[in-house]
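Colleague: Dumping the structure here so I can ask a few things about it.
The values are calculated or read from the model by the stated rules, or taken from the named source; none is laboratory data. On a predicted model such as this, the values are computed, not experimentally measured, just so you know. Note: ideal-geometry Cβ built from the backbone for every residue, glycine included; neighbour counts use all protein chains shown. Please note that ligands, DNA and RNA were not included when accessible areas were found on the heavy atoms of the full protein model with its side chains. Shrake-Rupley method; radii C 1.70, N 1.55, O 1.52, S 1.80 Å.
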Amino acid sequence: MIAPPKPDLVTVNVDGKDIAVPKGTNMIEAARLASVEVPHYCYHPKLTVAGNCRMCLVEMGLPAVDPATKTPIMDPATGKQKINWMPRPTIACATNASPGLHIRTNTPAVVDCRNSVTEFLLINHPLDCPICDQAGECKLQEHSTAYGRGYSRFVEQKNVKPKRTQLGPRVTLDDERCILCSRCVRFSKEVAKDDVLGFIDRGSYSTLTCYPGRKLENNYSLNTVDICPVGALTSTDFRFKMRVWFLKQTPSIDTESSVGANTEVWSREGSIYRITPRQNDAVNDTWMADSGRILYKQVKAADRLVEYSIEGTAALPAVALAKAGGLLRAGSVAIVGSGRSSVEEQFLTRKLAEYLKAPVTLVSRVGPGDKILVSADRNPNVRGALVTGLVSSLPAQQLTELAAAIDAGQVKSVLSIGEDLTAAGLTAAQLAKVPVVYLGTQRNATSESAQVVIPTLTVFEKAGTFVNQQFRLQKFAKAVPGPAGVADDLATLAQLITAAGGPTLASDLGALWAIIAAEVKPLATVTYANLTASGLLLDGTPWAALPFVEGETLHFKPASPVAASA
Amino acid sequence: MPYVIERKPLTLLERLYIPQIIAGMRVTLKHFVSPNVTMEYPEQRPAIPAGYRGVPTLVMDPNGREKCVSCQLCEFVCPPKAIRITPGEIPADQPDRAHVEKGPKAFDIDMLRCIYCGLCQEVCPEEAIFLQNQYSMTGFTRAEMVNDKARLYELGGTLPDEHFKWDKKKAAAEHGNAH
Ligand code: SF4
Ligand code: SF4
Ligand code: SF4
Ligand code: FES
């Protein structure tokens, strides 16, 4: 006997093993907790239950009670309460755990159900795994291996349906492969709040389509591709680019806004092929926005900076750094930091600013928030700058103070870390007055006019951490190597501090985090290595009074009503 | 303990050596008249038996169409990683091929890496890659030893097909099953 469960837990029995599961858990999840897999297609943990694929059929039994006296009926053979097994199988996805529930997933009847469902699903399936992008991560492929008969008894003509329908700008549909699970339909309605998908016709003629005159073009359309258990919905961008089994997965963070959606970067031999969401129930569930999935294109973009240069001519890294150091040593430096830098880079920027006694400003980027996974603050790490003490107030969108200081002749040089000063409101005339040291990944107006340009790495080419809108410290790893000759950003910043005459600081994550933990109070207990995949929630109360621009998102509610109005 | 072998003294005939020379000449002379077992390579080439595992090649179907759909299974299975494929989409303006949807944009086999194991032929779901009777690959540079797509089709030529899978698919699509 196992100990009586806590009040919010119920004990169920999966294949003869007792296990306590939270109340309201359905049988698929209860079996998962007991390390038993119940194959399923239409059930998705983050969507409502539809119960239409019938793959999850299991046998279910309940403890027997005398109808008249309500006393348990005991089985004399075992001395335990008798179990009344239902004569027919039940779908596990739509049945919630109740006390004493018994589930059998390995009986011949259950295996028979799975075999038959698989055979029916494959009747009209085109079996084009060799050209299907889902091959390798396809549930139908996996379950057919386990429950398929290996040959077809179907002699009639297979159904023919459209093979390459453009459902929207980013999603291509192969109707023949669709198993009508309705996951995509439910996602569009429930999560994306854009109810455009639906089925027309009946029986084996059922076809997934968009509502007439509409397109699947919301910013979350590619999530339907992720959750489609088969290869019916495919990403037009990733279509036919690479088979998934060649791709290496690296955990990363979406940098398009302060939501910090957890992502998986899929790369092969230094090239990124796609970005998909990584489950984090406290941040993004299993979703992410389409706009964040194309960010990898900046890695090989035509405007990528790959060369150290002084006044437009290529220079050796050491020479460029020495030149930058000379400019910084001259004093009266203004630093424009970035809400797109990682926590570690912001810490090193703070160290540089402290040493040079230079004022630091950040540039704010604001766009409309969509209340799901794109927030109004389009910088991923403004809170990181607050936590590390790089800045103490929220940044403005325009660098008016810096502009005034340049006009007044108080600034001798400007160090910009990835920020386009022209876009942030400085005029060409103002930029001409002061030498600019620009660290960045992409060419822009500022890099064109800068005195010294030092190339840096994109988020995919380095490791570090960001602090998202919930003050959750989340780490990202390096997916692909940076361009040849470009140093890691932490090394670049540490060298810049040395070149400016400052102290020599650690530039590897492990050693740097020891310094950060010692100097930054809110991060005192953190090391990069012990940060878990789901992140660490920091205490945001010291900054609670600041007027953050974000409105509500999926797992975030603004604390103050001021922010909610934005 | 030393072991002494008693040697027989040679007989007169043996001491003359003549019978031995005659026996040797007999073997030599026999080979003068017996048929050749070597050949004048490279002017003469051996007949290659069926099932020989020569250079891997890409083949076309009897209608001269590419069979490979760039599924990259051969690239995956190849033990020494000799195969390198860039998949591509077949444009919709090829009436007899558009429904195949996928084909290789580039297909390279590095013959300095290939170990002639035949796993690529075994794994191919489209029967598009075969190790045929080409056994001699030479070149002056490393680049010459990489067979690109054009060269692979040139080496492979056309093989008979039993399935005509894509023709059947096309016929089914044209027949339709609409209500
Ligand atoms: S397209 Fe995919 S997710 Fe949508 S109903 Fe068909 S199989 Fe399910
Ligand atoms: S024969 Fe073997 S080694 Fe050569 S290409 Fe095929 S799989 Fe690779
Ligand atoms: S040759 Fe065969 S196995 Fe290789 S990519 Fe082409 S179809 Fe696939
Ligand atoms: S998962 Fe239960 S019916 Fe589809």
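Colleague: Can you pull out every residue in region A:397-414 that is of a type in the set (Gly, Ala, Ser) and in a loop (DSSP other than H, G, I, E, B)? Spell out how you get there, then give the answer.
Modeller: Our first condition is that a residue be of a type in the set (Gly, Ala, Ser); within region A:397-414, this holds for A:403-405, A:408-409, A:413.
Selection gives A:408, A:409.
Colleague: Of all residues in region A:342-356, which are over 10 Å from residue A:490 (Cβ atoms) and within 24 Å of the chain's Cα centre (by Cα)?
Modeller: Residues of region A:342-356 over 10 Å from residue A:490 (Cβ atoms): A:343, A:346, A:349-356.
Passing the criteria: A:343, A:346.
Colleague: Provide a single number: the residues in region B:147-156 that are open to solvent by 60 Å² or more (accessible area, probe 1.4 Å) and polar (S, T, N, Q). Full working, then the answer.
Modeller: Initial filter on region B:147-156 (open to solvent by 60 Å² or more (accessible area, probe 1.4 Å)): B:148, B:150-151, B:154.
Going one step further and asking which of them are polar (S, T, N, Q), we end up with none.
Of the residues in that region, 0 qualify.
Colleague: On to the next question. Can you tell me which residues in region A:492-508 are surrounded by 21 or more Cβ atoms within 10 Å (Cβ to Cβ) and not in a loop (DSSP other than H, G, I, E, B)? Let's see the steps before the verdict.
Modeller: Step one: of region A:492-508, the residues surrounded by 21 or more Cβ atoms within 10 Å (Cβ to Cβ) are A:492-497, A:500.
Of everything in region A:492-508, those that are surrounded by 21 or more Cβ atoms within 10 Å (Cβ to Cβ) and not in a loop (DSSP other than H, G, I, E, B) turn out to be A:492, A:493, A:494, A:495, A:496, A:497.
Colleague: While we're here: Of the numbered conditions (1) within 15 Å of ligand 1 (Cβ to nearest atom); (2) assigned to a loop (DSSP other than H, G, I, E, B); (3) in contact (Cβ under 8 Å) with a residue 40 or more places away in the chain; (4) out of contact with any Cys (no Cβ under 7 Å at 6 or more places or on another chain), residue A:217 satisfies every one except a single condition; which is it?
Modeller: That leaves (1) as the condition not met.
Table: residues versus (1) surrounded by 11 or more Cβ atoms within 10 Å (Cβ to Cβ); (2) under 27 Å from residue A:127 (Cα atoms); (3) away from chain A (no Cβ under 14 Å).
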site	(1), (2), (3)
B:137	yes, no, yes
B:145	yes, no, yes
B:158	yes, yes, yes
B:168	no, yes, no
B:173	yes, yes, no
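Colleague: Is there any pair with a first residue in region A:148-163 that is more than 13 Å from chain B (Cβ to nearest Cβ) and a second that is surrounded by fewer than 18 Cβ atoms within 10 Å (Cβ to Cβ) and of a type in the set (S, T, N, Q) whose Cβ atoms are under 7 Å apart and which are 6 or more apart or on different chains, and what are they?
Modeller: A:149/A:115
Colleague: Considering region A:221-249 alone, what residues qualify as being part of a loop (DSSP other than H, G, I, E, B), open to solvent by 10 Å² or more (accessible area, probe 1.4 Å) and more than 14 Å from chain B (Cβ to nearest Cβ)?
Modeller: A:228
Colleague: Further, regarding this structure: Can you go through A:290, A:281, A:285 and tell me which one is outside the structural domain of residue A:443 (by TED's automatic domain parsing) and on the phi > 0 side of the Ramachandran plot? Can you show your working first?
Modeller: Numbers: A:290 fails: on the phi > 0 side of the Ramachandran plot; A:281 fails: on the phi > 0 side of the Ramachandran plot.
Answer to the check: A:285.
Colleague: Which members of region B:70-100 meet the condition of being at positive phi and either within 11 Å of ligand 3 (Cβ to nearest atom) or assigned to a strand (DSSP E or B) (or both)?
Modeller: Within region B:70-100, the subset at positive phi is B:70, B:72, B:81.
Hits for region B:70-100 are B:70, B:72.
Colleague: Out of the residues in region A:188-214 that are open to solvent by less than 30 Å² (accessible area, probe 1.4 Å) and part of a loop (DSSP other than H, G, I, E, B), state the one that is nearest to ligand 1 (Cβ to nearest atom). Write out each step before concluding.
Modeller: Going through region A:188-214, the residues open to solvent by less than 30 Å² (accessible area, probe 1.4 Å) turn out to be A:188, A:191-192, A:194, A:196-198, A:206-208, A:210.
Among the residues that remain, those that are also part of a loop (DSSP other than H, G, I, E, B) are: A:191-192, A:194, A:196, A:206.
Numbers: A:191: 13, A:192: 13, A:194: 15, A:196: 12, A:206: 9 Å.
Residue satisfying both the conditions and the ranking: A:206.
Colleague: Run down B:120, B:114 and say which single residue is within 13 Å of ligand 3 (Cβ to nearest atom) and open to solvent by less than 30 Å² (accessible area, probe 1.4 Å). So that I can check it myself, show each step before the final result.
Modeller: On the way: B:114 fails: within 13 Å of ligand 3 (Cβ to nearest atom).
The conditions single out B:120.
Colleague: Confirm whether residue B:150 is more than 16 Å from ligand 1 (Cβ to nearest atom), in contact (Cβ under 8 Å) with a residue 24 or more places away in the chain and not in a loop (DSSP other than H, G, I, E, B). Steps first, please.
Modeller: Numbers: more than 16 Å from ligand 1 (Cβ to nearest atom): yes; in contact (Cβ under 8 Å) with a residue 24 or more places away in the chain: no; not in a loop (DSSP other than H, G, I, E, B): yes.
It is false that residue B:150 is more than 16 Å from ligand 1 (Cβ to nearest atom), in contact (Cβ under 8 Å) with a residue 24 or more places away in the chain and not in a loop (DSSP other than H, G, I, E, B).
Colleague: Right, another one. Quick check: anything in region A:250-264 surrounded by fewer than 19 Cβ atoms within 10 Å (Cβ to Cβ), in a loop (DSSP other than H, G, I, E, B) and either within 14 Å of chain B (Cβ to nearest Cβ) or under 19 Å from the mean Cα position of the chain (by Cα) (or both)?
Modeller: no
Quick grid of which residues meet (1) surrounded by 21 or more Cβ atoms within 10 Å (Cβ to Cβ); (2) in contact (Cβ under 8 Å) with a residue 60 or more places away in the chain:
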{"residue": "A:442", "(1), (2)": "no, yes"}
{"residue": "A:450", "(1), (2)": "yes, no"}
{"residue": "A:453", "(1), (2)": "yes, yes"}
{"residue": "A:458", "(1), (2)": "yes, yes"}
{"residue": "A:530", "(1), (2)": "no, no"}
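Colleague: Something else about it: Output the residues belonging to region A:512-522 that are part of a helix (DSSP H, G or I) and open to solvent by less than 40 Å² (accessible area, probe 1.4 Å).
Modeller: Within region A:512-522, the first condition is being part of a helix (DSSP H, G or I), and the residues that meet it are A:512-519, A:521-522.
Correct list: A:512, A:513, A:516, A:517.
Colleague: Filter region A:147-199 down to residues that are touching a His at 6+ places or on another chain (Cβ under 9 Å) and among the basic types (Lys, Arg) and give me whichever is farthest from ligand 4 (Cβ to nearest atom).
Modeller: Per the criteria, the residue is A:163.
Colleague: Now for a separate question. Quick one: in region B:118-147, of everything that is in a loop (DSSP other than H, G, I, E, B) and of a type in the set (A, V, I, L, M), which residue is farthest from ligand 4 (Cβ to nearest atom)?
Modeller: First pass over region B:118-147, keeping only residues in a loop (DSSP other than H, G, I, E, B): B:118, B:124-128, B:132-142.
Imposing the further condition that a residue be of a type in the set (A, V, I, L, M) reduces the set to B:128, B:137.
Details: B:128: 37, B:137: 53 Å.
Out of the qualifying residues, it is B:137.
Colleague: Across region B:64-93, what is the total count of residues that are open to solvent by 50 Å² or more (accessible area, probe 1.4 Å), more than 14 Å from every other protein chain (Cβ to nearest Cβ) and either small (Gly, Ala, Ser) or without any contact (Cβ under 8 Å) to a residue 40 or more places away in the chain (or both)?
Modeller: 0
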